[in-house]
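This report concerns only the one structure given below.
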């Protein structure tokens, strides 16, 4: 029952927020067009605050062993490479705007909002320390890789300097860099500065999910049924299963093993929808992948925890 409630408590707030968005549109309190404009604001102005806060408040003082981190980086790199070859270079996904959405949907996890709470609940303080360091390294990689993938399929040929500029001017990357720099500074920002930063950061994910719920189109879900099924099965079952099998070859601690599992077995990050919608990719498909994997993870996380916890 505890494992079931863990999964419920992790996933249900996401579903409720999306339900609120659907209800607001259905009751005509707002429109899809307005929400899509607000989505641009969230991407450019709100997400940087969230990324800054997440890095600025990261506690990495407990010490870290780098073996499990190196494993995660190699697994991530190989995963992205395989996805780019299988999806990007073949006709399995024919629409050019859908290729980057599927690729980022399979490598990009909601690590901060799912992996950290799961690690804390299942593996305690040791799990939090292991997952925190892993998330601190992987989240910037998620964002940089997503920018590169999305830019590669937007129909424009970007030179390396242009691509580099787009990476470092991406709002999420800017927020992450500022947060990482702030952690290394010998002083802290005053409360009157951090209070609004925290307030904006706290509202970012709920607002993004409300927008996602209000702009979901169930008619397009039917058209995307095969892609959504493939994304859900691969993201929540196949990829974490491969990670767990490979982990048997190593002697990491239980907390480290679970932190690795948690970052690869959790649903797709909400920011993947926001980025796709603002970078010329198929935003509808990206939002649907977020929604479907979030709902499906209520079952898969519960089952996985029963198996490995």
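The values are calculated or read from the model by the stated rules, or taken from the named source; none is laboratory data. The model shown is predicted, which means the values in this text are computed figures rather than measured ones. In this analysis, Cβ positions are derived from the backbone assuming ideal geometry, glycine residues included, and neighbour counts consider all displayed protein chains.
Here is a list: 56, 45, 7. Which entry is closer than 21 Å to residue 177 by Cα and at pLDDT below 85? Step through it out loud before you land on a result.
Values: 45 fails: at pLDDT below 85; 7 fails: closer than 21 Å to residue 177 by Cα.
From the options 56, 45, 7, the qualifying one is 56.
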Quick one: residue 227 ticks every box in (1) at pLDDT below 80; (2) closer than 20 Å to residue 93 by Cβ; (3) surrounded by 15 or more Cβ atoms within 10 Å (Cβ to Cβ) except a single one, so which number is it? (1)
Among the residues listed as 298, 285, 236, the single one being surrounded by 17 or more Cβ atoms within 10 Å (Cβ to Cβ), in contact (Cβ under 8 Å) with a residue 24 or more places away in the chain, part of a helix (DSSP H, G or I) and within 14 Å of the chain's Cα centre (by Cα): 236
If you go through region 233-281 one residue at a time, how many are modelled with pLDDT of 90 or more and over 22 Å from residue 136 (Cα atoms)? 11
Among the residues listed as 148, 78, 82, 101, the single one being assigned to a helix (DSSP H, G or I), closer than 21 Å to residue 280 by Cβ and at pLDDT 90 or above: 101
